[in-house]
Each structure stands twice: as structure tokens, then as C-alpha cells.
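Engineer: Let me begin by handing over the structure; questions about it come next.
The values are calculated or read from the model by the stated rules, or taken from the named source; none is laboratory data. In this text the structure is predicted, and so the values were computed from the model without any measurement. FYI the Cβ positions are ideal-geometry reconstructions off the backbone, even for glycines, and counts take in every protein chain you see. Note: accessible area is taken over every heavy atom of the protein model, side chains too, but ligands, DNA and RNA are not part of it. Shrake-Rupley method; radii C 1.70, N 1.55, O 1.52, S 1.80 Å.
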Amino acid sequence: LAWVIYQLIGQRQSQENITMGLNDIFGFGFNHTLAAEMKSRAAEFYCDTYEEIKNSVQNGRLVHIDETRVSVKGATGYVWVFTNLAEVVYVYSDSREGEILSDMLKSFKGIMITDFYTAYDSVPCLQQRCLIHLIRDFNDDLFKNLFDAEFKEMVEAFGRLLKPIMSTIDTRGLKTHFL
């Protein structure tokens, strides 16, 4: 079971290729539904673990969220990522609409860290801009406003402020007394 799941996820093999490989290598006579059946068994086996991780993220002090477009069998969907920095929950959705947020974060009371996509406005909690997205936005805006000296100075000042913070984190970690 573990080998089949590794082949599906880690090696991105199709279910058909996994079954054919088992049959070829070991001389088995498995039918073409074997990998799908084993995938269902693994999902059932890990269902409680998934719910525990999801619960931990939902009841944590902070959650980082992002979504990305994916193509599944030619159809566009989205994978939403929710993490509290210790655990991660991935949720697939057919759309980028915010209904997934109301399900995942219905009782969330912590700080939500995002790229400020407007769907996140529907979650009634404190929000913080993701630092990487903020830096990317600064760079994009700076590129679009090359001759805005005041904006350029603000971005440079932010960089001077951030550099020693990141250096401290790199050498000493996120311990409060070092920051």
C-alpha cells in the first residue's frame, strides 16, 4: 500500500502504470483497478489523521493560506494550502471562490496570513500580509514606477529594516528574545 501511494504521489505514476509495473516485475495478475482501490484504502486509513491535522490548523493561533491553479485531466481546479507552520492541509476545489474558506475556517480566531486575495475578506479574523507577497508587490510596483524617488526610498528603507531581521532569523531562529 505504501509503495503504491509513493508511486502515485512521489513518482507521479498513473494508476494503470503502477498496476502494470507490479504485474510485470512480480508476475502478478492484478486487474487495472488495483491502484485505485489501494488509493481508496489509504484515504480511508488516513481520514482520522487528516481530520486531526485539519482541526489543529483550524484552532491554531495563525494560519498561512495560499491557493494555486492546477490542471486535472484537462480541467482547471485549485489547490488551497492551509498551514500553521507545523502542519499542512491541502484542499482541492473546482473554483477559486471563497466558499472553501468558510468551511475550513468557520471557527478560526487567530491571525490569517495571505496575499490579500479578496476572497479572504470573508473570514472574520485578524489578517496580515504575507511577507513574500508584500516584497513581490513592492518589486512589481517599483518596476512600474521607476522614477518615483519617494517610493524607491521607502522600499529601500524597508529592505534595510528587513535585512538584519532575516539575518537574525537565519542564525538564531524565531526565538522572541533574539528578535
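Engineer: All but one of (1) touching a Phe, Trp or Tyr at 6+ places or on another chain (Cβ under 7 Å); (2) part of a helix (DSSP H, G or I); (3) under 30 Å from LEU174 (Cβ atoms) hold for LEU22, so report the exception by its number.
Structural biologist: Of everything listed in (1) touching a Phe, Trp or Tyr at 6+ places or on another chain (Cβ under 7 Å); (2) part of a helix (DSSP H, G or I); (3) under 30 Å from LEU174 (Cβ atoms), LEU22 misses just condition (3).
Engineer: From the residues in the range 75-106 that are among the hydroxyl-bearing types (Ser, Thr, Tyr) and open to solvent by 60 Å² or more (accessible area, probe 1.4 Å), which one is nearest to LYS54 (Cα to Cα)? Break it down stepwise before answering.
Structural biologist: Quick first cut of the range 75-106, residues among the hydroxyl-bearing types (Ser, Thr, Tyr) only: 76, 78, 83, 90, 92-93, 95, 102.
Subsequent filtering for residues that are open to solvent by 60 Å² or more (accessible area, probe 1.4 Å) retains 76, 90, 92, 102.
Working: THR76: 24, TYR90: 9, TYR92: 14, SER102: 14 Å.
Looking at residues that are among the hydroxyl-bearing types (Ser, Thr, Tyr) and open to solvent by 60 Å² or more (accessible area, probe 1.4 Å), I get TYR90.
Engineer: Spot the failing condition for VAL72; the list is (1) out of contact with any helix residue (DSSP H, G or I) (no Cβ under 6 Å at 6 or more places or on another chain); (2) surrounded by 11 or more Cβ atoms within 10 Å (Cβ to Cβ); (3) of a type in the set (A, V, I, L, M), and only one is missed.
Structural biologist: (2)
Engineer: Identify all residues within the range 32-69 that are over 19 Å from SER93 (Cα atoms) and open to solvent by 90 Å² or more (accessible area, probe 1.4 Å); write none if there are none.
Structural biologist: HIS32, GLU37, LYS39, ARG41, GLU44, PHE45, TYR46, ASP48, GLU52, ASN59, ARG61
Engineer: From the list LEU134, LEU126, which residue is under 30 Å from GLU97 (Cα atoms), open to solvent by less than 90 Å² (accessible area, probe 1.4 Å) and under 29 Å from the mean Cα position of the chain (by Cα)?
Structural biologist: Just one listed residue meets the conditions, LEU134.
Engineer: Filter the range 1-19 down to residues that are touching a helix residue (DSSP H, G or I) at 6+ places or on another chain (Cβ under 6 Å) and among the hydrophobic types (A, V, I, L, M, F, W, C) and give me whichever is most open to solvent (accessible area, probe 1.4 Å).
Structural biologist: LEU1
Engineer: Follow-up question, since we're still on this one. In this structure, is LEU22 surrounded by 16 or more Cβ atoms within 10 Å (Cβ to Cβ), over 22 Å from GLN127 (Cα atoms) and within 21 Å of the chain's Cα centre (by Cα)?
Structural biologist: Working: surrounded by 16 or more Cβ atoms within 10 Å (Cβ to Cβ): yes; over 22 Å from GLN127 (Cα atoms): yes; within 21 Å of the chain's Cα centre (by Cα): no.
Considered against the rule, which asks whether it is surrounded by 16 or more Cβ atoms within 10 Å (Cβ to Cβ), over 22 Å from GLN127 (Cα atoms) and within 21 Å of the chain's Cα centre (by Cα), LEU22 comes out as no.
Engineer: If ASP148 passes every condition in (1) surrounded by 13 or more Cβ atoms within 10 Å (Cβ to Cβ); (2) under 22 Å from the mean Cα position of the chain (by Cα); (3) of a type outside the set (Lys, Arg) but one, which one does it miss?
Structural biologist: Failing condition for ASP148: (2).
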